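Heads up, the thing below is written out as structure tokens.
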């Protein structure tokens with residue numbers, strides 16, 4: 001039982017920083033940004049900069065329309081707040097349940113305790129990255 005808890009805790013602490021390291025080290029970001037293109041155009045062909053900026057604006061506008069295609073209206077603030085508090089609340093409840101089960105000696109299912117340990121450790125592991 002202790003092995004599963006330790007494994008979940010170690011995995012939650014180590015996986016987010018390792019994933020972030022791998023992502024930064026091996027997945028190259030595209031250097032052809034709109035700003036780099038605009039800078040090159042300013043040096044090479046400044047007369048077409050206005051057309052490029054207009055085309056970029058249309059592209060961004062179409063991407064925003066595509067992204068918001070399902071949203072009929074703006075999201076209410078309480079829905080936004082509810083979505084934002086799901087992970088912190090689940091992490092706080094997990095910490096509370098782990099402390100409660102430790103103090104009172106309650107028997108908690110091993111898989112549920114491992115899930116709580118993984119939740120807590122992944123939250124702390126994601127804090128190590130930032």
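Any read-out appearing in this document is the output of simple, stated calculations on the displayed coordinates, not a laboratory observation. In this text, all values refer to a predicted model and were calculated from it rather than measured experimentally. For neighbour counting, all protein chains shown are included, and Cβ atoms are generated from backbone atoms with ideal geometry for every residue, glycine included.
Using Cα atoms only, what is the angle between the long axis of helix 49-67 and the major principal axis of the chain, expressed in degrees (0 to 90) to the nearest 10? Computed tilt is about 30 degrees.
Against the chain, whose longest principal axis comes from its Cα atoms, helix 110-129 is set at around 40 degrees.
Which of 97, 59 has the fewest other C-beta atoms within 10 Å, and how do the rest follow up to the most?
59, 97
Would you calculate, for the chain, the mean residue ellipticity at 222 nm contributed by helices, counting each DSSP H stretch of 4 or more residues as -39,500 (n - 2.57) and dividing by all residues, to the nearest 500? Computed ellipticity for the chain at 222 nm equals -27500 deg cm²/dmol. Between the alpha-carbon centres of segment 22-53 and segment 96-115 there is a gap of 53 Å.
Each pair of Cα atoms in segment 1-99 enters the Kirkwood radius, and Stokes-Einstein at 37 °C and 0.692 mPa s then converts it into a translational diffusion coefficient of 172 µm²/s. Where in segment 86-130 is the amide nitrogen less than 12 Å from a point lying 7 Å along the Cα-to-Cβ axis of residue 15? Only 115-123, 125-126 pass the distance filter. When 75, 116 are sorted by how many other C-beta atoms sit within 10 angstrom of their C-beta, beginning with the fewest, the order is 75, 116.
Exposure proxy for 5, 117, 109: other Cβ atoms within 10 Å of each Cβ, ordered fewest to most, give 109, 5, 117.
Taking Cα atoms only, the orientation of helix 2-26 departs from the longest principal axis of the chain by about 10 degrees.
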